[in-house]
Structure formats: C-alpha cells, structure tokens
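Following: one structure in structure tokens, then a few remarks.
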Amino acid sequence: MEDITLEQAVELLLARSPQPQREEVSLMAALGRIVAADIRASFDNPPFDRSPLDGYALRAADTEGATAEQPARLRLAGEECAGDFYAARVMPGETVRIMTGGAMPKGTDAVIRQEDVETAGGEVRIPYPLHHHENYCFAGEDVRRGAVLVTAGEELTAARLAVLASQGVATVPVWRRPRVAVASTGDELTMPGTPLAPGKIYNSNLFLVAGRLRELGCDVEVMDIFPDEARPAARHLAKMSAWADLLLTTGGVSVGKKDIMHDVVKHLGAERLFRGVQMKPGYPAIGYQRGKTMGLALSGNPFAAYATFELLARPLLAKLAGRKETALPRRKAVLLDDFPKESRGRRFIRAFYEEGRVRLPEQHASGSLFSATGCNAFVDIPPGTGKLETGTGVEVVLL
C-alpha cells in the first residue's frame, strides 16, 4: 500500500505483528514488566488477626467499669513479639503483652496501648473500659483469598510487587520485552567522539531512538551506521531478524540517489506493507515484514524520525509488550500560541500540554530536534487547516 493514513499504517502493523511472547521471571526482576495472566491471592492477608500497636491483648469484658481511680487488674500471663506465636488460651482475668503485628492470642478481643497502663508485680492495671475488637486488625483486612492482585496487561509497579511479595509470590508470568534492532543509514553520519569531517554530521537519531526504546522497556541491539549500500545493510538486518521482533532504521527512505531502504526491503525478501504515510513530517516511512519480524524504516530528519517513532512504532511496541492499550492518549486543548503556517496535509507539531492548554516552541523544522526536548505532546492538525491563532481548540497526542 502507498500513501496511506496514519491510522491505516498503525492498523496494518498491529494486524500483521505476532502476539507477545510469555515468560516467567523472578519477582525482583519484574519491575516495569507487563503481567501475562491474572494473579490471585492464595490466602487472606494478613493471615491472622493481629495487633495494630504495642500494648496488651485482653478480653474487653474484663475491663468493664474500669476507671483511673479503680482500674481493672489483670494478671500478666505472657508476652508475644511480632513473628512469635502465643499458643496458650488467655483466660478471664489475664492479659498478654503484645507487639505491633503480633497475632492476637486465643481468648482476646482487644488491645490497650502500652503507654496507657501501669504494671507492678506481674499485674497490669487498665484505667478505662475497652470495647469488643478495639485496636484489633482482622485476618484478610488487606486482601481476601481469591482476590485479583494484578490483572493481565497491567504494568508491575513497585507497589504491585510488594503486594505479590506479601502473598509469597516468587515468580510471575510476564510478556517478554520487545526486542528491537536499531540502525541509522547514511554516508554522512559520524558517531560522537570522532572528529567531524567536512560534509559530515553527528548521528543523533541512533541515540534518540535507542534511548526512547530503553525508556519504554525494550531490549535494544544497536547496530553500526549502515553506509549507503543496500546489500550490506540487508545482510545486517537479515542476521538481526533471527533475534529481533522489530527492525528499526532511520534514513534512506526518500527518493534520492542514496535512499537505499527501498532496495534493502527487496534484498531482505521482506513483504512491504506500506510506503508513504499521510503526515508531515515523516511521510516517506516504510513498513515491512520478514517472517515474524516487523520492520520500520523512518525518515532521517531528526524530528521526523521522532514523530514517526512515537506515532508508528509506539503502538506496535505496546502490542509486542502485551499492554492492554496500544493507542497513545489524546486530549482536547486550547492553543496559547499562534502557529502561522497553513497545513495542506495532516501535520503534527511539537508542543507542551498541561491541564487543557498547549504551548508551542518557536522552531518547528523537521531537521530540528532541540525545540522538542521540553515537549510532551504533538498537536494533530487536520489537512486543509489554515493558520492557527491563540485560543484555537486543537487535539493533542500525549507522549
């Protein structure tokens, strides 16, 4: 397909891409991973009735009528710290010293704070009456057995890991991280740290794309810069396709003499899914598939590479990661700045969104990336739109 809409391109990528791969990982290594199946509580948590404070466990009935002048007097029968277990039953007229988190001894139904009592000669004096289940935490108060702790498709945060740990979970089923092989094409490119010869530029796209992939939790293999020769580039990509879920390149997609990615796709024996996406910047993007491996060839212009990565690759990566939602969130907003250019075709411009308002930087050229560093959204401008003035309502794509 050629000259298709962004929505059609994304739909093709999602329809043709394989399902995510499941694996089991240790709980300590699971932060940021997407859960592959619902995980339920196997027991009530806490697993026993317990004390919420340091004090004395007792029978509330034994404190009826107690006052500071005439306190209830209970015999100290024993002591229990958190992690211990007082096995005997507490009889009427007895109390057990208990620490925060300790299991409530049999026969007790309330706890009085340690600082509220007086002790002398093995006796504990209670200066006021307590109610049934006062200062008392029940088994299952946090989580009931059978409750869903984490739902398939959710990301494992530190808090969710802690909940799973409280259930004794040691390993979790997750979707394997997307594996992405990244390269840039172009004889003009030089890696940072190397002197810049005349006519050369430093390769920023490689750092942009590889960095974003790592921010999104992907496993990334960074390949060398590909010279403007189709067959060697195809050989490198073919080798990586045995490992990668996605081959991602920048540059070489337009119609110039050395735009090699058209021939690279052919030499790979890959199926081209589309060429040309109705958007600016990044129109020349190419989507393809080689076996189970997906391929995206993006523009070499820095902001064009950034925009097409976010709008084309992000939904695909979300699916490969097993996320519930693949679409980027959208919001309605009001412009706080003018955009003086007309948009004959659909255009995405960098922006900063906050609470229904959106600001624009001064620079919008596709070759410029610096002005995008403080942005968190794209304004989606429909085709046939004239100049945009301050106060205009727009739709933004959140990044």
Only one of (1) over 28 Å from the mean Cα position of the chain (by Cα); (2) more than 23 Å from PHE309 (Cβ to Cβ) does not apply to PRO383, and that is (2)
Testing TYR86 on (1) at pLDDT 95 or above; (2) in a loop (DSSP other than H, G, I, E, B), one condition comes back false. Which one is that? (1)
Filtering the stretch 45-83 for residues that are crowded, with 17+ Cβ neighbours inside 10 Å, not in a loop (DSSP other than H, G, I, E, B) and not small (Gly, Ala, Ser) leaves a count of 8
Exactly one of ARG235, ARG214 is under 27 Å from ALA372 (Cα atoms), assigned to a helix (DSSP H, G or I) and open to solvent by 50 Å² or more (accessible area, probe 1.4 Å), and that one is ARG214
Residues satisfying the stated conditions in the stretch 186-204, i.e. touching a residue at least 60 places away in the same chain (Cβ under 8 Å) and open to solvent by less than 10 Å² (accessible area, probe 1.4 Å): GLY186
Odd one out for ARG97 among (1) in contact with a Phe, Trp or Tyr (Cβ under 7 Å, 6 or more places away or on another chain); (2) farther than 30 Å from SER166 by Cβ; (3) not aliphatic (A, V, I, L, M): (2)
When you scan the stretch 5-16, do you find a residue that is closer than 13 Å to ALA318 by Cα and of a type in the set (S, T, N, Q), even just one? no
Could you check the stretch 137-167 and list, in sequence order, the residues that are closer than 30 Å to ALA110 by Cβ, in contact (Cβ under 8 Å) with a residue 60 or more places away in the chain and either small (Gly, Ala, Ser) or open to solvent by less than 30 Å² (accessible area, probe 1.4 Å) (or both)? CYS137, ALA139, GLY140, VAL143, GLY146, ALA147, SER166, GLN167
Please work out which residue is most open to solvent (accessible area, probe 1.4 Å), limiting yourself to the stretch 217-232 and to residues that are in a strand (DSSP E or B) and at pLDDT 90 or above. GLU221
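The values are calculated or read from the model by the stated rules, or taken from the named source; none is laboratory data. Owing to the predicted nature of the structure, the values given are computational and were not obtained by experimental measurement. As a convention, Cβ positions derive from the backbone with ideal geometry for all residues, glycine included, and neighbour counts pool all protein chains shown. Side chains included, ligands, DNA and RNA excluded: accessible areas come from the protein's heavy atoms. Shrake-Rupley method; radii C 1.70, N 1.55, O 1.52, S 1.80 Å.
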